[in-house]
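We did not get these values from a lab; they are worked out from the coordinates using the rules stated. Computed from a predicted structure; not experimentally measured. Neighbour counts are summed over all protein chains in view; Cβ atoms, including those assigned to glycine, are modelled from backbone coordinates with ideal geometry.
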Amino acid sequence: MKFFLAIMLVLSLYSTKQAFADHEQILVAVDHAPPYSALDEKGNAKGLILDILNYIKHHSDEDITVKAVPCPFSRCIRMLAQGEVDVMGGLVRTPARESQMSFVTPPYMALSSSYVFYGHQHSQVKVERYEDLIGKRIAIMRGAAFFPRFDKDTRLDKVEVPSERVAIDLVLKGRVDLVIAVEDTADLAMNVLAQPAHQLRKMVYRHTQVIYGHMAMSREFAQSHVGREFSNHMRQMAENKILDKLVAPYQLPAIPPQLLSEETGRMHSNTF
């Protein structure tokens, strides 16, 4: 009996050690989406999600490394859903995505902004109300989520492209009529991408809402010890205002206090 218990203890210790070993390196999907994430010509990545994860790493008891995996947005999403990477940042939470990955709360990005549509400044295209989008060719980034009415509308002619740069280029070349973008970040992004924003014209119609950007984890990583610890760190960083300091250099606002109170309420309700 003692021999059996000893064997079980050894196996348990081995399993625990192996679980930690599986996540000695956290793979982070990073797409080129300035100003919040960027890839240089050599494929080196930088950005807010890496800043957050590296902060957690330096304040964690685990001996782990954080490795960026550069990828186009749609491929990043697919890799996360398939568990080929562990983490991705800046994702809008949707039911479809929740069925494939685990979202960390609270979000670390909270923009009170508008989704707007840009066309070429010399085009005759006008969008003064939502229905004016019908019949227009609209470039959207493949795999991205915008606002529910737009996302679900099968009447619209949406042209999927791999990146924001390509979407804007198609408008400038007259191959599509419009591109959809977040107003607060579009001009800055075009400046970083060295694209001629002055050649674009903003349409009258806009959809305004609070846009939340979350860290999301693969389902396997979210269930691991390291994944759970990282989720706990995110909540603590939000409560201690550390997260606000990390997002400030990216001209992002602080996390709204009601988000923290809502999250705390959900956690307490789940304990009963």
Can you check what the net charge comes to around Y118, using other residues whose Cβ is under 9 Å from the Cβ of Y118 (Lys, Arg +1; Asp, Glu -1)? +2
In nm, what is the difference between 0.36 nm times the number of residues separating V166 and V182 and their Cα-Cα distance? 4.2 nm
Applied in sequence order to the range 238-245, the curve 6.51 cos²θ - 1.76 cosθ + 1.60 (Karplus, θ = phi - 60°) yields integer Hz couplings, x standing for Gly and Pro, of 5, 5, 8, 6, 5, 4, 4, 5
Under the 0.36 nm per residue contour assumption, what length would be gained going from the current alpha-carbon distance of I134 and E98 to full extension? 10.1 nm
Between R155 and D51, with labels modelled 7 Å along Cα→Cβ, what's the label distance in nm to one decimal, could you check? 4.2 nm
Ranked list, fewest to most other Cβ atoms within 10 Å of each Cβ, for K67, K136, K173: K173, K67, K136
With F147 itself left out, Lys, Arg at +1 and Asp, Glu at -1 over residues whose Cβ is under 12 Å from its Cβ give +1
Theoretical gain in end-to-end length, K173 to Q258 [0.36 nm per residue, Cα-Cα removed]: 26.2 nm
How would F230, F147 line up from fewest to most surrounding beta-carbon atoms within 10 angstrom? F147, F230
